[in-house]
Amino acid sequence: MSSVALAGQIHTTSRSGADLSRLRADFPILRSLVNGKPLAYLDNAASSQMPQAVLDRLIRYQTQEHSNIHRAVHYLSETATAAYEGARRKIQSFINARDEREIIYTRGTTDAINLVMHSFGRAFLKAGDEIILSQLEHHSNIVPWQMLCDEKGCKLRVIPCNDAGELLQDEYQALFNARTKLVAITHVSNALGTVNPVKQMITHAHKLGVPVLIDGAQAIPHLGIDVQDLDCDFYCFSGHKMFGPTGIGILYGKGQWLERMPPYQGGGDMILSVSFEKTTYNTIPYKFEAGTPPIAAAIGLGAAVDYLSEIGMGEIAAWETELLAYATAQIETLPGVRIVGTAADKASVLSFTVVGVHPHDVGTLLNEDGVAVRTGHHCAQPVMKRFGIPATARASFAFYNTFQEVDQLVAGLRRVQKMFA
């Protein structure tokens, strides 16, 4: 096993992962006991944990800097405004956006996709137009577009996947026609872990003049994201999946689109002037940020970006690749356990079923052993239908997980199988 360095400090040369202890010490919740056993937190695709640096930054804001932002000239407001806008610039740098004005604060990935649906979709799509989605989408990247289709008379076209959970690129290209007005696809499948070749897919769409939205919720904590290199028109992600707070997300949009899109919501801060006769809207990004924003959460997300940047996304990806390979090999030793999603390129997600055991029972029994996994359809029912199953158990890893926690998962699954033998 080759060694992997994290932040130039943490090295692992064994499957125990003991040398990750210094990094894991940054996450107080990882010291928890569940049913008297060490917590093995393997539900990172749902929400990752926050390091002490993020927690400290939130407390500092709440106890020393709390104030509403923009316009006021007093010390607290100016301090909070500087931190809030500073976080925007950190996020711009983190994803290599061209301009900080292209970074829109939202409540999360779902909110960001809905913003594009309302502002872009209502402005630029009409009856008969078509939107290309994929069979791997989270409900958040299906339902908003269905709502738009119901309202406008548009049509959804769906890219199928193969038995490994990989999108069929020939089928994708065949879906385009003169009516295609948008592609909206996930970067990484939350249910299977498949990493889609989105750069290639964006290039093809752009050759035909079609803009592309990428749901990056599951990619942002695992992969280095460069929106200029991808050349996507929109990229959406959430803070709580990248070691930051809940209630905060990001919509990246190319300035050329954001300038043309009408506001999604009306209220304070998204205006330049208001009278009963006419309202003049603010410039981007503020045009899309009506009302008092999640100030603390935005500042916390900025701290999470600092933390990830210090470690390095390349180092994170390298460790998680080894962790996923080890976990996959160990799960494959269990007869009667089927891994669902075997794409050649995957992020650190393992979905599986256990013969004769409902996924909910698998999750309940693993919890008794201190192992936290997600069970159900993962808000991806079309994926479940494609594989002919109602649900899976899903273990999803982050850079703070260890080989020892994988062993804890495997031992728990052996116990589950014995109980149902």
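Can you give the charge dipole size of the chain about its Cα centre, rounded to the nearest 20 debye, using +1 on the beta carbon of Lys and Arg and -1 on the beta carbon of Asp and Glu?
Rounded to the nearest 20 debye, it is 560 debye.
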Original post:
Helix 359-368 versus the longest principal axis of the chain: what is the Cα-based angle in degrees, 0 to 90, to the nearest 10?
Top reply: 70
Original post:
In whole percent, what relative contact order does segment 59-147 give with Cα contacts below 8 Å and a gap of six or more residues?
Top reply: 16
Original post:
PRE reach from A178 (point 7 Å along Cα→Cβ): which of segment 116-133 fall under 20 Å by backbone N?
Top reply: 124-132
Original post:
Can you pick out the pairs among K152/K278; K254/K287; K90/K241; K241/K287; K152/K181; K126/K155 whose Cα atoms lie more than 21 Å from each other?
Top reply: K152/K278; K241/K287
**OP:** List the relative contact order of segment 14-167 as a percent without decimals, with contacts defined as Cα pairs under 8 Å and 6+ residues apart.
**Re:** 12
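Kindly provide the helix-only [θ] at 222 nm of the chain, computed as the sum of -39,500 (n - 2.57) over DSSP H runs of four or more divided by all residues, to the nearest 500 deg cm²/dmol?
Numbers: 14 runs with 145 residues, N = 421.
Mean residue ellipticity at 222 nm (helix-derived): -10000 deg cm²/dmol.
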Subject >> Relative contact order %, the chain, counting alpha carbon pairs below 8 Å whose residues are six or more apart >> reply: 23
Original post:
Over what distance in Å are the Cα centres of segment 127-199 and segment 317-355 separated?
Top reply: 25
Original post:
If we count every other residue with Cβ under 11 angstrom of S119's Cβ, Lys/Arg +1 and Asp/Glu -1, where does the sum land?
Top reply: +3
Subject >> Exposure proxy order (Cβ contacts within 10 Å, fewest to most) of V210, V340, V73 >> reply: V73, V210, V340
**OP:** Enumerate the whole-percent occupancy of each 5 Å bin, from 0 to the last occupied one, for all C-alpha pair distances of segment 115-238.
**Re:** 2, 11, 24, 25, 22, 12, 4, 0
Original post:
Tell me, how many Å apart are the Cα centres for segment 361-421 and for segment 41-111?
Top reply: 33
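Would you tally the net charge around A290, using a Cβ to Cβ cut-off of less than 14 Å, leaving A290 out, and scoring K and R as +1, D and E as -1?
Value of the local net charge: -1.
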Subject >> Nearby lysines by direct alpha-carbon distance to K418 (threshold 28 angstrom, same-chain neighbours under 8 apart not counted) >> reply: K37
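All of the numbers you see were taken from the coordinates with simple rules; none came from a lab. All of these numbers come straight from a predicted model, not from anything done at the bench. Heads up, the Cβs are rebuilt from the backbone with ideal geometry, glycines too, and the neighbour counts pull from every protein chain shown.
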